[in-house]
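This report refers to the structure that appears directly beneath it.
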Amino acid sequence: APIDWSALFSRSARIIGAPDELARSVGLAAAAPGVVSFAGGMPDSGLFPTDAFRRVLNQVVREEGEALLQYYPVEGYPPLRAYLAAYLLRFGVEARPDEILIVNGSQQGFDLIARTLLDPGDFVAIEAPTYPRALQVFRSFGAQLLAVPWEATGPRVEALERLLERHAPKLFYCQPTAHNPTGLTIAPDTKRRLLAAAARHRVPIVEDGFDGSLYYGQRPSPPLKAADRGGLVLYIGTFSKILFPGLRLGWIVGPRPVLERLGAAKQLADFHTSALIQAAVHRFCERKLLDRHVARVAAEYGRRCALLLGALRRRMPPETRWTEPAGGFSLLLTLPPGLDAAALLPEALERGVAFTPGAPFFPDGGGERTLRLSFSSVPAARIDEGVRRLGDTIKAARGRSRGREREPRATVPVV
């Protein structure tokens, strides 16, 4: 008989694999012809500057190919690290090139930080809701997650303080700018209070720094890292949202002693990030091509966000609520009482619209009434139709729910 590999999977593999089944099934259904999909939180590939990047890549291969196609230092391509040090100054983050480690996207950043700093049983404070892939990483290393609920201005600082006092977590993970799934940005005063609380309790912050260039309306306040004077914040950035996710190119900013350990862990995993890709991205950035691209896509994503918000106001039934993004690719919608987003999804797909159920974004359970709507990869001309289909689905389900509420309760005769 063939070997039962599933019986050999580690605890970590089981944690990593389970949520992927939902994502895979939603992705397959959303890709069906005619479906308007708000499920994919990714940039629109139709906006990619593919031709410009191909020209830059070809030039780099011709001029530096022999060196770049060899094994390379784990820290990264020095000109790119120098560029990032200057780039981050735009957002108030001061970092020397040797305080920047190049990684294979922000996802590897989470993995390296967890691998380097966490032991099984350690506590990690984390926002609720938050990015599910970060939850998976921390859980896969045996961390116990402590949920810090979001409110209008960001994570509830008083709740974080209580967790810091009671459990002394190893880390606090947060997304201060263009939070996924809500699209909200933490208010400046809340940022100051979060940083002060972490400093008092000597708890490092892992800041998932969605690029501040993709904002709609008022420019966001500087990242937590900009006000970090004690080396408390590990700041993770990525080119995935502002350029191409397929590059798998990101960075971690932090104190050198920490980066040295993170680099050692990275060497065990993959030796280094592609030097060829790093050099091509550096040249793309140095020629101001990234700045022009970001300005163009930020305007387009802002337009799609406005179209989505307008359609929701017109087409959603009463008691439906949603966040209004300050940046990013998505918003979080809360269904009327009595409805469950995961249970609603099959009917929505039948009507030709897809979304991501919200429960996986909540580390402590809950979120069943919520769903994420991502607008970045939906053609502008399809947004209103997609919202109409979603509104019809919610109204139909709400009607059935109210019908059940009105049904007379069975009575038991007294004997």
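Restricting attention to the stretch 357-380, the residues that are outside any helix (DSSP H, G or I) and among the hydrophobic types (A, V, I, L, M, F, W, C) total 5. Search the stretch 252-293 for residues being free of Cβ contacts under 8 Å to residues at least 40 places away in the same chain and among the acidic types (Asp, Glu), and hand back the single one that is farthest from Gly237 (Cα to Cα). Among those that are free of Cβ contacts under 8 Å to residues at least 40 places away in the same chain and among the acidic types (Asp, Glu), it is Glu260.
Just one of the numbered conditions (1) modelled with pLDDT of 95 or more; (2) of a type in the set (A, V, I, L, M, F, W, C); (3) not in a helix (DSSP H, G or I) is not true of Ile383: (3). Between Ala23, Ala52, Ala29, the distinction of being in a helix (DSSP H, G or I), at pLDDT below 95, in contact with a Leu (Cβ under 9 Å, 6 or more places away or on another chain) and within 28 Å of Cys305 (Cα to Cα) belongs to Ala29 only.
Can you name the residue in the stretch 375-385 that is among the small types (Gly, Ala, Ser) and under 23 Å from the mean Cα position of the chain (by Cα) and, of all such residues, is nearest to Leu332 (Cα to Cα)? Step by step, filter the stretch 375-385, then rank; the result is Ser376. Looking at Arg14, is it surrounded by 14 or more Cβ atoms within 10 Å (Cβ to Cβ) and among the basic types (Lys, Arg)? No, not satisfied. Scanning the stretch 241-256 for residues that are among the aromatic types (Phe, Trp, Tyr) and touching a Lys or Arg at 6+ places or on another chain (Cβ under 9 Å) gives a single hit, Trp251. Taken together, Pro73, Pro33, Pro43, Pro2 contain a single residue that is within 29 Å of Lys266 (Cβ to Cβ) and outside the structural domain of Ser240 (by TED's automatic domain parsing), which is Pro43. Those residues that are within 25 Å of Trp150 (Cα to Cα) and surrounded by fewer than 24 Cβ atoms within 10 Å (Cβ to Cβ), I need them from the stretch 375-393; list them, please. The one that is within 25 Å of Trp150 (Cα to Cα) and surrounded by fewer than 24 Cβ atoms within 10 Å (Cβ to Cβ): Ser376.
The sole residue among Gly302, Gly209 that is buried (at least 21 other Cβ atoms within 10 Å of the Cβ) and of a type outside the set (D, E, K, R) is Gly209.
From the list Pro73, Pro49, the lone residue that is more than 22 Å from the chain's Cα centre (by Cα), surrounded by fewer than 16 Cβ atoms within 10 Å (Cβ to Cβ) and of a type outside the set (Asp, Glu) is Pro73. The residues of the stretch 336-356 that are crowded, with 22+ Cβ neighbours inside 10 Å and of a type outside the set (A, V, I, L, M, F, W, C) amount to a single one, Thr356. Contact map, the stretch 1-13: residues that are in contact (Cβ under 8 Å) with a residue 40 or more places away in the chain and closer than 19 Å to Ser140 by Cβ paired with residues that are assigned to a helix (DSSP H, G or I) and of a type in the set (S, T, N, Q), Cβ distance under 6 Å, separation 6+ or inter-chain. Pairs shown: Ser12/Ser140.
Reported count of residues in the stretch 321-336, each being within 12 Å of Gly391 (Cα to Cα) and in a loop (DSSP other than H, G, I, E, B), is 2. A count restricted to the stretch 93-105 and to residues that are within 23 Å of Gly230 (Cβ to Cβ) and of a type in the set (Gly, Ala, Ser) stands at 1.
Okay, residues lined up against (1) buried (at least 20 other Cβ atoms within 10 Å of the Cβ); (2) part of a strand (DSSP E or B):
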{"site": "Ala82", "(1), (2)": "no, no"}
{"site": "Ala86", "(1), (2)": "no, no"}
{"site": "Val93", "(1), (2)": "yes, no"}
{"site": "Asp98", "(1), (2)": "no, no"}
{"site": "Gln108", "(1), (2)": "yes, no"}
{"site": "Ala114", "(1), (2)": "yes, no"}
{"site": "Asp119", "(1), (2)": "no, no"}
{"site": "Glu127", "(1), (2)": "yes, yes"}
{"site": "Arg133", "(1), (2)": "no, no"}
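Scanning for something over 22 Å from Lys170 (Cβ atoms), in contact with an Asp or Glu (Cβ under 8 Å, 6 or more places away or on another chain), crowded, with 19+ Cβ neighbours inside 10 Å and among the charged types (D, E, K, R), does the stretch 234-249 turn up at least one residue? Within the stretch 234-249 (the criterion being over 22 Å from Lys170 (Cβ atoms), in contact with an Asp or Glu (Cβ under 8 Å, 6 or more places away or on another chain), crowded, with 19+ Cβ neighbours inside 10 Å and among the charged types (D, E, K, R)), the answer is yes, since at least one residue qualifies.
Consider the stretch 271-294 and keep the residues that are closer than 25 Å to Leu117 by Cβ and more than 23 Å from the chain's Cα centre (by Cα). The one that is surrounded by the fewest Cβ atoms within 10 Å (Cβ to Cβ) is Phe271. As for the stretch 275-294, it holds no residue that is outside any helix (DSSP H, G or I), in the same structural domain as Thr116 (by TED's automatic domain parsing) and β-branched (Val, Ile, Thr). For Tyr71, the conditions (1) in contact (Cβ under 8 Å) with a residue 12 or more places away in the chain; (2) not in a loop (DSSP other than H, G, I, E, B) are fulfilled apart from (2).
The values are calculated or read from the model by the stated rules, or taken from the named source; none is laboratory data. These numbers were taken from a predicted model, which means no experiment stands behind them. So basically every Cβ, Gly included, is an ideal-geometry build from the backbone, and we count neighbours across all protein chains shown.
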